[in-house]
1. Output the number of residues of the range 223-259 satisfying the condition of being part of a helix (DSSP H, G or I), more than 30 Å from A181 (Cα to Cα) and touching a helix residue (DSSP H, G or I) at 6+ places or on another chain (Cβ under 7 Å).
2. Looking at the range 239-258 only, could you name the residues that are more than 18 Å from G64 (Cα to Cα) and over 19 Å from the mean Cα position of the chain (by Cα)?
3. What are the residues in the range 179-222 that are loosely packed, with under 13 Cβ neighbours inside 10 Å and not in a helix (DSSP H, G or I), if any?
4. Has the range 104-111 got any residue that is within 26 Å of the chain's Cα centre (by Cα), at pLDDT 90 or above and more than 28 Å from A245 (Cβ to Cβ)?
5. Any residue in the range 211-229 that's touching a residue at least 12 places away in the same chain (Cβ under 8 Å): show its pairings with residues that are among the charged types (D, E, K, R) and surrounded by fewer than 20 Cβ atoms within 10 Å (Cβ to Cβ) at Cβ separation under 6 Å, as long as the two are six or more apart or on different chains.
6. If you go through the range 123-178 one residue at a time, how many are more than 18 Å from the chain's Cα centre (by Cα) and of a type in the set (V, I, T)?
7. Scan the range 11-64 for residues that are of a type in the set (D, E, K, R), within 17 Å of G286 (Cα to Cα) and modelled with pLDDT under 85 and jot them down.
8. Quickly run through the range 112-147 and pick out the residues that are aromatic (F, W, Y) and either touching a Lys or Arg at 6+ places or on another chain (Cβ under 7 Å) or at pLDDT 90 or above (or both).
Amino acid sequence: MAKKQQKPKLDANGERKQRSQFGEAWHRMKKDKGAMLGLAVVSILVLVAILSNFLLDYDTDVVGMNTKERLQSPNAKHLLGTDEYGRDILFRILYGSRYSLSVGLVAVAIALVAGVTLGAIAGYKGGAVEEVIMRLTDIFSSVPNMLMALVVVSALGQSMLNLMIAIGVTSIPQFVRITRATVLTVRNQEYVESARAIGLSTPKIIISHILPNSLSPIIVQTTLRVASAIISASSLSFLGLGIPAPNPEWGSMLSGGRKFIRDYPYMTLYPGLAIMITVLSLNLLGDGLRDALDPKLKN
């Protein structure tokens, strides 16, 4: 039997409706099951991070000690068990999503603002300005991200804000490079030349005409960098240089549970799964966005 074709949507004049760029991207993305799964999981994590502050009492449910219930395996009362201080691991993981997501989002926001600004200036201006910015970017890129983050945290001190700054600084070069590459492809387009001809200032041209047409790769890079930032934050917390105890950051929970990994493996298993699921979901979402926003993959 022949497959029934879906009728195109028509506007008030009887003409076929044209989707916007992002409407078309959303239409293609909905066909990607992996991307939609990633979006669903990320949405749930964000919801959990928001609601945990209202549903859980920090002093009692998250950091409050109860030595009578210490080191209990998963049971009906404590679904994921308890740690060496009798704290419920499920509650700590749920509350810890606030820290991991906050660090990831704020760190990437810092890198996004600085990196996109520098990359747009380098790509649009060219010449000596571009050379200086890109050589500084090369210098930063030559230092391993984790080492750079360790230096920044050690210099500024151990706190959540300093952790965000440290991870944000290490992510700037990636945004500089991808923004510059995208701006180079659009800076000589006719609409940019027209903007120059009517006397618009350089900041106005970049903000109003160049960046709006360079968003696709930047959006994809942002999604993927949030996943990398969460891993970096967990790694620094695991080393004792991230969010200070007793805050339930997933990396610090892994570090605390490694002493008991032989007899109580659940103490490291569940925080590790939380990190893995979050990062995997963000990567699936990022891959789906990349495919949806790529005009070469239009169906």
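1. Applying the first criterion (part of a helix (DSSP H, G or I)) to the range 223-259 yields 223-238, 250-259.
Now narrow it down to the ones that are more than 30 Å from A181 (Cα to Cα): 234-238, 250-259.
Cutting the leftovers down to touching a helix residue (DSSP H, G or I) at 6+ places or on another chain (Cβ under 7 Å) gives us 234-238, 250-255, 257-258.
The number of residues fulfilling the criteria is 13.
2. Going through the range 239-258, the residues more than 18 Å from G64 (Cα to Cα) turn out to be 239-242, 251, 254-255, 258.
Within the range 239-258, L239, G240, L241, L254, S255, R258 qualify.
3. Result: N188, I198, G199, S201.
4. no
5. Once the first residue is touching a residue at least 12 places away in the same chain (Cβ under 8 Å) and sits in the range 211-229, its partners that are among the charged types (D, E, K, R) and surrounded by fewer than 20 Cβ atoms within 10 Å (Cβ to Cβ) give V220/R290.
6. 9
7. Hits for the range 11-64 are E24, R28, K30, K31, D32.
8. Y124
The values are calculated or read from the model by the stated rules, or taken from the named source; none is laboratory data. Keep in mind that this is a model prediction, so the values were computed, not measured. When we count neighbours, we look across all protein chains shown, and the Cβ atoms used for this are built from the backbone with ideal geometry, even at glycine.
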